[in-house]
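Every read-out reported here was derived from the displayed coordinates using simple, explicitly stated rules and does not represent laboratory data. Small disclaimer: the values here were computed from a predicted structure and weren't measured. Neighbour counts run over all protein chains shown; Cβ positions are idealised from the backbone, glycine included.
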Amino acid sequence: MKETHKLWAALIITGIIGGIVGIVLTEIMHTIQHLAYGYGSDGLYVSFREGVSQASPARRIGVMAFCGAVVGLGWWLLKRYGRPQPSIKAVVKNPLAGFPFFETVSHALLQIITVGLGSPLGREVAPREMTAAFASVGVNRFGLSEDDTRLVIACASGAGLAAVYNVPLASTLFILEAMLGLWTQQAVAAALLTSVIATAVARIGLGDVQQYHPANLSINTSLLWFSVIIGPVLGATAVFFQRTAQKFPFIKRDNIKIIPLAVCMFALIGAIAVWFPEILGNGKAGNQLTFGGLTGWQHSLELTSVKWLVVLMALVAGAYDGLITPSMMLGSTIAFAAAAAWNTFFPAMSSESAAVVGAAVFLGVSLKMPLTAIAFILELTYAPVALLMPLCAGMAGAVCVAKKMGFK
C-alpha cells in the first residue's frame with residue numbers, strides 16, 4: 001500500500017475509533033451520574049443539574065468524598081506504579097515515542113469516572129487521550145513516517161473532542177490551531193475528515209444532540225459595544241485563572257498524603273454543593289442557567305466565585321481533566337452578571353447573548369484557542385451567524401490584553 005493510502009486509511013480508522021470512544025465514555029459518565037445521585041431510573045430525561053439538586057445533602061457530600069478517594073487513590077497508583085504519562089501535545093511533538101497504552105486508558109477512565117461522580121473539572125481530555133492512544137498503536141502497524149504519525153495523533157485528539165461534544169467544525173479548528181499549529185491543505189483535509197467521521201459515528205449512538213438551548217440570542221448594537229468592553233476584562237480574568245490553576249497540585253501525586261487530602265477536598269466540595277449544586281460536574285449546569293436566563297445576576301456572581309474555588313480545590317487534590325467547560329462557565333457567569341449592570345445604564349441587550357459571548361471569550365483566552373472557541377460556542381448553542389461580530393469583537397480585545405500580560 002502506498003504511503004498516501006496508508007495515511008488516509010489510518011485517518012478514517014481514527015475517526016471511527018474517536019466516535020466509538022465518544023459513545024462509550026459518554027455512556028459510562030451518564031450511568032455513573034445516575035447511579036451516584038439516584039435519578040433517571042424511571043426513563044424520563046433529567047439533567048445532571050436537576051439530578052444533583054434532587055439528591056439529599058448527605059448524598060452529595062458522601063458521593064463527593066468517595067470521588068475524592070477515587071481521585072487520590074487512582075492517580076496515586078498510576079503515578080506510583082505506572083509509566084510516565086505524557087501529554088498529547090508532548091506526543092505530537094515526538095510522535096514516534098507514543099503513549100503508554102494501559103496507563104493512558106486508565107488515566108482517561110479515571111477522568112470520566114470522577115467527572116461522572118461530580119468532579120468540577122471538564123471531561124474533554126479523556127476521549128482525546130483515549131482516541132490518541134488507540135491511534136498511536138494503530139500507526140505503528142501502518143508504519144507511517146514521523147510527520148504522518150504526528151498528523152494522525154493530532155487528528156485523533158480532535159476526533160475525541162468532536163465525538164463527545166458534536167462539534168465537527170470546532171474540532172477541525174482545534175486540531176489545526178491548538179494541536180498542529182499549521183494550516184496546510186493536507187492538515188485541513190485530514191482534520192475535517194477525522195472530525196466529521198467521529199461526529200457521524202458518535203451520532204449513531206448518542207444522537208444529533210444540541211448541547212445548550214439558549215432562551216434569547218438576539219443581537220443588537222448594544223451587545224456589540226458590550227462585547228468590546230467586556231472582552232479585555234474577561235481576557236485579563238482568564239489569564240489570572242490559568243495562572244492560579246497552574247500552581248496546583250502542590251503535593252506530588254505519587255505522595256501517599258495526596259489520598260487523604262483528596263478525600264477532604266472533595267468532601268468540602270460536596271458540602272459547598274449543598275448550597276450550590278450547580279458547581280458539581282464540568283460546568284454545564286452553570287452555562288444552562290446563564291444561557292437560558294434561569295438565574296439572576298447575584299447568583300451568577302456567586303457561581304463565578306464558587307466554581308473558581310472548587311476547580312482549584314480539585315486541582316489541589318490532584319485531580320486531572322480539562323478546563324473547557326469550567327472556563328466557559330466562568331466566562332458566562334461573569335458576562336451574565338455584567339450584562340445586568342450594562343442594561344441598567346445603557347440600551348438593553350440580551351443577557352443570554354452576553355453570556356454566550358463571555359463563555360467563548362474566556363475559553364478562547366484560557367486555553368489559547370480563540371478561533372476554536374468561537375466555532376465551539378456556535379456549534380454548541382446553534383447560535384445565529386450574526387453573533388460572530390460580537391464574538392470576534394470580544395475575542396480580539398481579550399487576546400490583545402492576554403498578550404500584553406505575557407500569556408501567549
**Study point:** Shape of the range 221-404, Cα gyration tensor, a/c cut at 1.5
**Key:** prolate
Practice item. Identify which of M389, M329, M265 has the largest mean-square fluctuation in a Gaussian network model of the chain, with springs joining Cα atoms closer than 10 Å. Key: M389
Check your understanding: How big is the charge dipole of the range 221-404 about its Cα centre, in debye rounded to the nearest 20, if each Lys and Arg gets +1 on its Cβ and each Asp and Glu gets -1 on its Cβ?
Key -> 620 debye
Check your understanding: By how many nm would the segment from F102 to R203 grow when fully extended, if each residue of separation counts as 0.36 nm and the alpha-carbon distance is taken off?
Key -> 33.6 nm
Check your understanding: Given a Förster radius of 56 Å and the C-beta distance between Y81 and I12 as r, what FRET efficiency does 1/(1 + (r/R0)^6) yield to the nearest 0.05?
Key -> 0.95
Exercise for review: Could I have the simple spin-label model distance between V137 and S47, label points 7 Å from Cα toward Cβ, reported in nm to one decimal?
Suggested key: 3.7 nm
Exercise for review: Between W183 and A58, take the C-beta separation as r, use R0 = 45 Å, and let me know the FRET efficiency to the nearest 0.05.
Suggested key: 0.25
**Study point:** Ascending count of other beta-carbon atoms within 10 Å, so fewest first, for D148, D254, D42
**Key:** D42, D254, D148
Review point. If the cut-off is a Cα-Cα distance under 17 Å, which lysines reach K89, setting aside same-chain residues fewer than 8 apart in sequence?
Key: K368, K408
Review point. Which length gain, in nm to one decimal place, applies between Y382 and H5 when the Cα-Cα distance is subtracted from 0.36 nm times their residue separation?
Key: 132.1 nm
Revision key, fill the gap. Neighbour-count ranking for D208, D321 (other C-beta within 10 angstrom, fewest to most) reads D208, D321
Check your understanding: What nm distance separates the two modelled labels at L35 and N255, each placed 7 Å from Cα along Cα→Cβ?
Key -> 3.3 nm
**Study point:** the chain: relative contact order in percent, alpha carbon pairs under 8 Å with at least 6 residues between
**Key:** 24 percent
Review point. What percentages, rounded to whole numbers, describe P(r) for the range 3-206 computed over all alpha carbon pairs with 5 Å bin width beginning at zero?
Key: 1, 8, 15, 18, 18, 14, 11, 8, 4, 2, 1, 0
Practice item. Grab the Cα-Cα distance for F345 and D147, subtract it from 0.36 nm times how many residues apart they are, and report the gain in nm with one decimal. Key: 65.8 nm
**Study point:** Label-zone membership for the range 293-319, site A271, 7 angstrom Cα→C-beta point, backbone N under 20 Å
**Key:** 303, 305-319
Revision key, fill the gap. Checked the range 181-254 against the a/c 1.5 cut and the a/b vs b/c comparison, axes a ≥ b ≥ c from its Cα gyration tensor; verdict oblate
Point to revise | Within the range 48-200: Cβ-based charge dipole about Cα centre, in debye rounded to nearest 20 (Lys, Arg +1; Asp, Glu -1) | key: 500 debye
Revision key, fill the gap. Exposure proxy check on C400, C67: fewest-to-most Cβ neighbours within 10 Å is C400, C67
Check your understanding: How much mean residue ellipticity at 222 nm does the chain get from its helices, if each DSSP H run of length 4 or more adds -39500 (n - 2.57) and you divide by all residues, to the nearest 500 deg cm²/dmol?
Key -> -24000 deg cm²/dmol
Review point. Dividing the alpha-carbon Rg of the range 1-104 by 2.2 N^0.38 Å yields what?
Key: 1.53
**Study point:** Cα-based shape type of the chain, given that a ≥ b ≥ c are square roots of the gyration tensor eigenvalues and the cut on a/c is 1.5
**Key:** oblate
Exercise for review: Any chance you could get the radius of gyration and Dmax over the Cα atoms of the range 122-271, in Å?
Suggested key: 20.0, 56
Check your understanding: Quick one: if you stick a label point 7 Å off each Cα along the C-beta vector at C264 and F240, how many nm between them?
Key -> 2.8 nm
Review point. What does the charge dipole of the chain about its Cα centre add up to, to the nearest 20 debye, if the Cβ of each Lys and Arg holds +1 and the Cβ of each Asp and Glu holds -1?
Key: 1040 debye
